[in-house]
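These notes concern the structure reproduced below.
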Amino acid sequence: VQLVESGGGLVEPGGSLRLSCAASGSIFSIYAMGWYRQAPEKQRELVATITTSAGSTNYADSVKGRFTISRDNAKNTAYLQMNSLKPEDTAVYYCYGDLIATTALDEDRYWGQGTQVTVSS
């Protein structure tokens, strides 16, 4: 099982970016996907989550109203649309998937490789 992220980069304050997280491999079922972020000298923060069945979402207070998480179940892919970006959004963003692999008995969490988001003028 592999999660591949894309979409990070450098953007000016007020700008937008969209992150993607594509899961592939021997996947039986995916239950939820989401993103954490880690800024230098700060604790890791849960940014957004989405369940794959009902599409229920949850956001950190710091991103509510600016970020939107969505998913395409047919593609095993989650997206994080980030608008009105601020310098304090600068961090490495890590996606995850809570899923059962076809070779496993239990649900486990798999991680993407991380993608840098830098908000600066």
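The values are calculated or read from the model by the stated rules, or taken from the named source; none is laboratory data. Because the structure is a prediction, the values reported are computed rather than measured. Note that each Cβ is placed from the backbone with ideal geometry, even for glycine, and that neighbours are counted across all protein chains shown. Surface accessibility is based on the protein's heavy atoms, side chains included, excluding ligands, DNA and RNA. Shrake-Rupley method; radii C 1.70, N 1.55, O 1.52, S 1.80 Å.
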- Query: Hey, any hits in region 42-56 for a residue that's touching a residue at least 40 places away in the same chain (Cβ under 8 Å), open to solvent by 60 Å² or more (accessible area, probe 1.4 Å) and over 14 Å from the mean Cα position of the chain (by Cα)?
  - Reply: yes
Checked region 80-115 for anything within 13 Å of the chain's Cα centre (by Cα), outside any loop (DSSP other than H, G, I, E, B) and surrounded by 20 or more Cβ atoms within 10 Å (Cβ to Cβ); matches are Leu80, Met82, Ala91, Tyr93, Tyr94, Cys95, Tyr96, Gly97, Thr115
- request: Restrict the check to region 87-110 and report whether at least one residue is of a type in the set (S, T, N, Q), over 17 Å from Ser6 (Cβ atoms) and at pLDDT 95 or above.
  value: yes
Going through region 17-36 in order, the residues found to be open to solvent by less than 20 Å² (accessible area, probe 1.4 Å) and within 10 Å of the chain's Cα centre (by Cα) are Leu19, Cys21, Met33, Gly34, Trp35
Given the conditions (1) outside any strand (DSSP E or B); (2) without any contact (Cβ under 8 Å) to a residue 24 or more places away in the chain; (3) open to solvent by 60 Å² or more (accessible area, probe 1.4 Å), every one holds for Thr68 apart from (1)
Per the filter on region 14-50, residues hydroxyl-bearing (Ser, Thr, Tyr) and under 20 Å from Met82 (Cβ atoms) are Ser16, Ser20, Tyr36, Thr49
query: Out of curiosity, is Ala74 of a type in the set (A, V, I, L, M, F, W, C), open to solvent by less than 60 Å² (accessible area, probe 1.4 Å) and outside any loop (DSSP other than H, G, I, E, B)?
result: no
